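Every number in this text was worked out from the coordinates using simple rules, so none of it is lab data. These figures come from a predicted structure and were not determined experimentally. Don't worry about glycine lacking a Cβ; one is built from the backbone with ideal geometry, like all the others, and counts go over all protein chains shown.
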Amino acid sequence: MDMLRNAVNILRKGGLVAIPTETVYGLGADARNSDAIRKIFSAKGRPSNHPLIVHIADASQLTDWAIDISQDAYRLADAYWPGPLTLILKKSPQVLDLITGGQDTIGIRVPSHPVAQELLREFGSGIAAPSANLFGRISPTTAEAVQEELGDVVDLILEGGMSEIGLESTIIDVSHESPVLLRPGMISVMDIEQTLQKRILRRQVDSPRVSGSLASHYAPQTETYLISPSEIFQFLQKNSSRIALVARTIVEVSDPNVEVISMPDDAKAYAHDLYQTLRFLDQSGFEKILIETVPEDSEWDAIRDRLIRATR
Ligand code: TXA
Ligand code: MG
């Protein structure tokens, strides 16, 4: 495919290619080229000490990037790659400091999206790619969203349809004896615990090493609140502004200023739609966005995490 060859050439020359993945779109560059990596940071406005995930075609390339790879790491790679899981491993000495933010670990993922897969195979090496959004904003789940967000700084955007999962990958740190969850994703902690047959520690919130753990992240620019159904009606009593209500159980509100956007009941379908919905609402001139709280069940963990961050 011409487009892919074009993408590979751009990567080889140190350019930036936006890549569709099953989680969200990534802003990709050659992981062995420090000038290319610098472009990622400046395009996103991202602080340079925030490490990047390196994407590879399959687990056989792991040893090009990581050392001391544990049994747990291989077990997780076997079970979930290609797919929405990032492993944090001890980095191999030749990995650029720019990628790891100077840390001794590296994040690695094998995406399953066919376009990402084909590109990685053609390219033959690792592609560093953060989500293709400006720092702190909502990750893009379509090529159009990347175009809006970073259109003037990427050399090419590969079209891959809407990301199937819609939320960023689960991140598990397997660089030490005990695996630790650094970022919840649609592969749940329970899935991971079942695979490894052991308990996984949850990282304390706001450890500075994961940029997605900063308080305000994944955020719309419109004032956004996470609010339970009982609070919603209180909130609306004092309201006179145009509000979007991202609802799950509420179907109707009598206030004519309020537009109800009904979200799916199912966690997977909700995750798939969430960023696209928030992005759209952010551009629709509402004064506020209210989001109805979601269930406490573990399948909603990743969604709850992103909603809390979007509304701080
Ligand atoms: O689904 C995803 O993971 C998407 C797609 C494009 O693969 N990528 C993504 O990248 O979400 P980014 O950069 O937006 O988020 C990656 C997170 C960041 O919070 C970063 O700090 C963390 O992974 N991370 C990367 N390397 C790390 C490391 N060595 N130790 C701890 N955290 C790391
Ligand atoms: Mg991101």
**Study point:** About the Cα centre, charge dipole magnitude for the stretch 179-312 (Lys/Arg +1, Asp/Glu -1 at Cβ), debye
**Key:** 660 debye
Check your understanding: To the nearest 500 deg cm²/dmol, what mean residue ellipticity at 222 nm is calculated for the chain from DSSP H runs of n ≥ 4 alone, each contributing -39,500 (n - 2.57), summed and divided by the residues?
Key -> -9000 deg cm²/dmol
Revision key, fill the gap. Output ordering of 298-311, 260-273 (per-residue mean of other Cβ within 10 Å, highest first) is 298-311, 260-273
Review point. If you put +1 on each Lys and Arg Cβ and -1 on each Asp and Glu Cβ, how big is the dipole of the chain around its Cα centre, in Debye rounded to 20?
Key: 900 debye
Check your understanding: Spin-label point model (7 Å from Cα, Cβ direction): what's the Glu122 to Ser298 distance in nm?
Key -> 4.0 nm
Review point. How high is the relative contact order of the chain, in percent, counting Cα pairs under 8 Å that sit 6 or more residues apart?
Key: 20 percent
**Study point:** Relative contact order of the stretch 89-230, pairs being alpha-carbon contacts under 8 Å that are 6 or more residues apart, as %
**Key:** 17 percent
Practice item. Counting other beta carbons within 10 Å of each Cβ, put Arg46, Arg199 in order, fewest first. Key: Arg199, Arg46
Exercise for review: Would you mind checking the radius of gyration and Dmax of the chain based on alpha-carbon positions, in Å?
Suggested key: 19.6, 62
Point to revise | Highest-first arrangement of 50-59, 247-256, 34-43, 16-25, where packing means the average Cβ count within 10 Å | key: 16-25, 50-59, 34-43, 247-256
Study note, to complete from the structure: Footprinting proxy, Thr222, Thr105: sorted fewest to most Cβ within 10 Å, the residues are Thr222, Thr105
Check your understanding: Does the stretch 1-51 come out rounded, prolate or oblate, given a ≥ b ≥ c as the square roots of the eigenvalues of its C-alpha gyration tensor, rounded meaning a/c under 1.5 and, failing that, prolate meaning a/b above b/c?
Key -> oblate
Point to revise | When each of Lys44/Lys288; Lys13/Lys268; Lys13/Lys91; Lys44/Lys91; Lys268/Lys288 is checked by Cα-Cα distance, pairs over 31 Å | key: Lys13/Lys268
Check your understanding: If a helix is a whole DSSP H run, which ones in the chain reach 20 Å or further along their own axis (Cα) and hold a mean Kyte-Doolittle hydropathy of at least 1.6?
Key -> none
Point to revise | Label point distance in nm, Lys238-Lys13, each placed 7 Å from Cα along Cα→Cβ | key: 5.7 nm
Practice item. Summarise the long-distance tail of P(r) for the stretch 25-148 by giving the % of C-alpha pairs beyond 24 Å. Key: 24 percent
